Amino acid sequence: MTSRFFIGLVASCLLLISGCKDPGSNTSGSALYTFDSTSSQVFIWTDMGALYANPANSPTFQISSSLFSQVTNLAWGGLCFDQTRGILYLVSATGTIVRVSSIRTQTGTVPNAQVVSYSLSSTGRLTNGTFGQASLDSQNDTLYITENGGSNTQIWVVTGASTQAQSATVSLQSLQVSGDTGGTGVAAASGVVYAFMQNGGPVGLDAWTGPRLRKGTSAAFPTDGSQVIIGTKTDLGIYGALALDTGDGYLFVARHNTDSAGAAPPIQVFTTGQFSSGINATPYKTIGSSVSQPNLRVISHPGTKDWLVGLLGEGTTGYSTIFLWKAPMGGTGAVVVTAPSGSVLMGLAVDGNAS
C-alpha cells in the first residue's frame, strides 16, 4: 500500500512539474451544434468522437421551432452554448436572441415552454451596426455579443441571460475602448473576457496599430495599454473569431486570409498568460492550412474538452463545410464534415458535457 501511494504521489508531482493539464485532454461526451439558415433547423451530432471517425455521418437530430425563423439571419459566430445549464443561444445579425433550454433532450420540434426570444435594445446601437460572435460565460450566466459599426465597435453584456423573459428588451451595457474598430471576436469564462478588434488607436511605447486582442472583465477592458496583444509578431488578420480552451489556458484566434491578403496559418494560438508578458507576442502555436482554410470565419471550442471546430465564410454567405480538429494542439489536421445538402451555416457550438 505504501509503495502504491508513493508511486502515485511521484506521478502527481511529475504531472504538476510538467505543466500537463488533464481537463483539456479529454474528448469524450461532446456534441456538436450548428444552425442552418435555409431550413431554420438546429443540426446536432451527439457524438463528436463518432463523427470524427466517420465525417459522413448525418446529424443525429434536426430540431425546429417557430421562433427559429427570427434568427435565419444568424450573426457570424452567433451560436454559443451554456455548458452548465444545457442551453443553446442563437443570435441574429440584427440583435434578436433565441434561447433553447433543455437542449440536450430535444429531438424534434422544441416545446414552446423550452424556447424564448428576446432582443437587444435599439437605444445605444452603433450606426450601421451588425452583431457578430457571441460567447456565454456559464459561471456568471452572462452573454457577450460583438457589435461592429463603421467607425466604432462594442460588446453587449447581457446579464442573467438564462432568465430573460419572452419578448424582453435588453438595455445596453457595453464593453469598449475608445478608438477601437472592427470588433468581431469574443470569448468569455469565469468573469474574464477576451476580444478581437480589427484596428484602433496606438498601443504601447512603440505605438502599435492594427489588429489587437484585449483581455478584461465584464466591467471593462484596461485602457492603459495593458492586457493587450498587438504587433508585427502576432500574425493577427481580419474577421478574427475567438475560441477559449479553459482547461489548458489557450486562446484560439482565427484569421480570414482571403481578406487579410496573406497566407499565414489560419489559426493563431496564444496562452492566456501571454497577455501579461509583452505586447508584441508571437503565437504559442499555429494551426490549420492556409490552402484548405483560406477564409476561416467561425471557430468554437467546448472549453474543457479537446475539440476545435471551424467554418469558412465570405461576406454574408455561409457554407456547409465544417472543419473538425481532435486534440488540435497535437498537430493533427482537421477532418471535413459536410452538413446536409443546401445548408447555410454561420455558427457552431460544442457541448463538452453532453453525457
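The values are calculated or read from the model by the stated rules, or taken from the named source; none is laboratory data. It should be emphasised that the depicted structure is a prediction, and the values quoted were computed from it without experimental measurement. So basically every Cβ, Gly included, is an ideal-geometry build from the backbone, and we count neighbours across all protein chains shown. Surface areas here come from the heavy atoms of the whole protein model, side chains and all, with no ligands, DNA or RNA. Shrake-Rupley method; radii C 1.70, N 1.55, O 1.52, S 1.80 Å.
A Förster distance of 56 Å, applied to the separation of the beta-carbon atoms of Ser226 and Gln166, puts the FRET efficiency at 0.85. Heavy atoms of the protein chains alone define the surface here; on that basis the stretch 110-172 has 41 Å² accessible area per residue at 1.4 Å probe size.
GNM remark for the chain: springs join alpha carbons under 10 Å apart, and the peak mean-square fluctuation among Gly132, Gly150, Gly231 falls on Gly150. Would you mind counting up the charge near Lys285? Only other residues with Cβ under 13 Å from its Cβ, with Lys and Arg at +1 and Asp and Glu at -1. Once positives and negatives cancel, what remains is -3. Between the stretch 302-355 and the stretch 184-219, the C-alpha centres lie 24 angstrom from each other.
For the stretch 166-223, which whole percent of the accessible surface, found with a 1.4 angstrom probe, sits on carbon and sulfur atoms?
Looking at the stretch 166-223 in its full context, I get 51 percent from C and S.
The fraction of accessible area contributed by carbon and sulfur in the stretch 259-346 is 52 percent, rounded to a whole number (1.4 Å probe; ligands and nucleic acids excluded). Neighbours of Ala195 by Cβ distance under 12 Å: Lys/Arg scored +1, Asp/Glu scored -1, total +1. Each peptide among 208-220, 275-287, 30-42 gets the average number of other Cβ atoms lying within 10 Å of its residues, and from highest to lowest they stand as 30-42, 208-220, 275-287. If you work out Cα extents along the principal axes in Å from the coordinates, which of [x] 64, 47, 36; [y] 71, 48, 35; [z] 61, 53, 40 do you get? This structure yields the entry labelled [z]. Relative contact order, whole percent, for the stretch 45-151 stands at 24, derived from Cα pairs under 8 Å and 6 or more residues apart. Considering only alpha-carbon pairs that sit under 8 angstrom and 6 or more positions apart, the relative contact order computed for the chain is 17 percent. Accessible surface area normalised per residue over the stretch 228-355 is 33 Å², counting heavy atoms of protein chains with a 1.4 Å rolling probe. The local environment of Gly185, defined by Cβ-Cβ distances under 13 Å, has a net charge of +3 under the rule Lys, Arg +1 and Asp, Glu -1. Within the stretch 333-355, which residues have the backbone N less than 12 Å from the label spot 7 Å out from Ser28 along Cα→beta-carbon, could you tell me? Within reach of a label on Ser28, which here means backbone N under 12 Å from a point 7 Å along Cα→Cβ, the stretch 333-355 contributes 355.
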